[in-house]
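The values are calculated or read from the model by the stated rules, or taken from the named source; none is laboratory data. Here the structure is a predicted model, which means the values were calculated and not measured. Cβ coordinates were reconstructed from backbone atoms using ideal geometry, including for glycine residues, and neighbour counts include every protein chain displayed. Accessible surface is based on the protein model in full, side chains and every heavy atom, while ligands, DNA and RNA are left aside. Shrake-Rupley method; radii C 1.70, N 1.55, O 1.52, S 1.80 Å.
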Amino acid sequence: MTEAVIKAEGLIRHYSVSGGMLRKPRTLRAVAGVDFELHAGKTLAVVGESGCGKSTLARMVAMIEAPTDGVLTLDGKPVLPTDWADLRQSVQIVFQDPYGSLNPRQRIGAILQEPLTINRPDLPKAEREARARKMLDMVGLRPEHYDRYPHMFSGGQRQRIAIARALMLDPKVLVLDEPVSALDLSIQSAILNLLTELQDRLQLAYLFISHDLSVVRHVAQDVIVMYLGRAVEVGSKQDVFEAPQHPYTRALLSATPSAEPNARRDRIKLAGELPSPLNIPQGCPFAPRCWKVKDKCRQELPALSGGAHRAACFFPEG
């Protein structure tokens with residue numbers, strides 16, 4: 001396998017939360033030690049419930065937020081906050097909301113040129129415009145769209161524009177934070193097909209953040225399942241979907257709609273709510289909701305263990 005474009009080792013992100021008057025600040029543990037690698041032309045999906053730390057992880061990889069601890073390397077070199085201005089050109093992000101991520105006061109041409117204007121000010125205006133028009137065509141939009149405003153486009157078209165803007169600086173990595181969750185199902189497939197085509201054409205590495213396992217099944221090669229800031233299962237798409245080892249992964253898969261009308265599936269309904277990251281339970285964080293819990297689970301934190309397919313569980317499935 002080729003060398004990783006991005007490698008994360010023990011990424012941690014904590015936030016200090018005010019406890020109010022006369023109370024000490026509390027620590028919110030959003031991401032608690034995540035490791036992964038991103039390779040050119042491949043997609044790594046990060047899945048889990050809302051509040052599991054997926055988007056925080058995405059912001060760290062996109063260099064929007066600095067990790068509290070851990071090491072992030074790009075092309076074998078550690079990523080430092082002092083180098084962010086230069087390194088951000090190699091890692092771009094596409095946000096979930098195509099309606100809120102575009103400036104409504106700017107024409108599409110100006111939106112696409114803006115990354116070049118900021119990061120490559122010496123580039124002639126004519127070349128910036130030529131690149132913007134070429135990128136507009138690459139994402140499947142027409143030349144006359146160049147001078148229009150965002151409100152004149154549908155949600156799917158706006159997401160195409162957001163993808164075009166992310167590609168203007170020729171990045172190596174795209175962080176896709178729920179890129180199709182705000183779109184109609186018929187539009188989702190078109191955007192996913194576009195992303196696949198661009199990846200094959202440009203050999204991009206994708207970090208795909210999603211809570212929709214049916215989408216992940218079609219786009220990813222590898223999967224990380226997160227729960228309360230931790231990776232609880234890691235493996236190839238085939239391993240995770242066909243032979244889940246962690247009870248939480250099994251519960252998520254049981255809730256995924258199937259395209260087979262006659263397919264029989266036993267739905268697993270998790271008891272209780274996702275615990276607060278301000279008050280993570282002792283031992284295994286999933287223990288309060290797990291139907292296989294034993295005393296050991298409430299006392300000790302399981303490590304992510306195994307070979308290529310790993311799970312953080314003392315009593316894994318299968």
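Just a few scattered comments:
- Of the cross-linked pairs K7/K294; K269/K296; K54/K237; K134/K172; K24/K296; K7/K296, those separated by over 28 Å at the C-alpha level are K7/K294; K24/K296; K7/K296.
- Contact order normalised by residue count of the chain, Cα under 8 Å, 6+ apart, percent: 21
- In the range 74-194, the convex hull through the Cα atoms has an average projected area of 8.1 nm², a quarter of its surface area.
- Over the range 61-111, the fraction of Cα-Cα pairs per 10 Å bin, rounded to whole percents and listed from the shortest bin up, is 20, 39, 27, 13, 0.
- Centroid-to-centroid, using Cα positions, the range 266-318 and the range 184-245 are 23 Å apart.
- Ligands, DNA and RNA excluded, the heavy atoms of I93 present near 30 Å² of accessible surface to a 1.4 Å solvent probe.
- For the chain, the 222 nm mean residue ellipticity estimated from helices alone, with every DSSP H stretch of n ≥ 4 adding -39500 (n - 2.57) and the total spread over all residues, rounds to -8500 deg cm²/dmol.
- Note on exposure: E317, E197, E3 ranked by accessible area (1.4 Å probe, complete protein assembly) read E3, E197, E317, with the most exposed listed first.
- Neighbourhood charge, 9 Å Cβ-Cβ cut-off, centred on T73 and excluding it, Lys, Arg +1 and Asp, Glu -1: 0
- In plain terms, the C-alpha convex hull of the range 185-244 casts an average shadow of 4.6 nm² when viewed from every direction.
- Share of Cα-Cα pairs in the range 1-146 lying beyond 26 Å, as whole percent: 43
- Accessible surface of the range 205-318 [probe 1.4 Å, protein heavy atoms]: carbon and sulfur percent: 46
- For the chain, alpha-carbon Rg over 2.2 N^0.38 Å: 1.06
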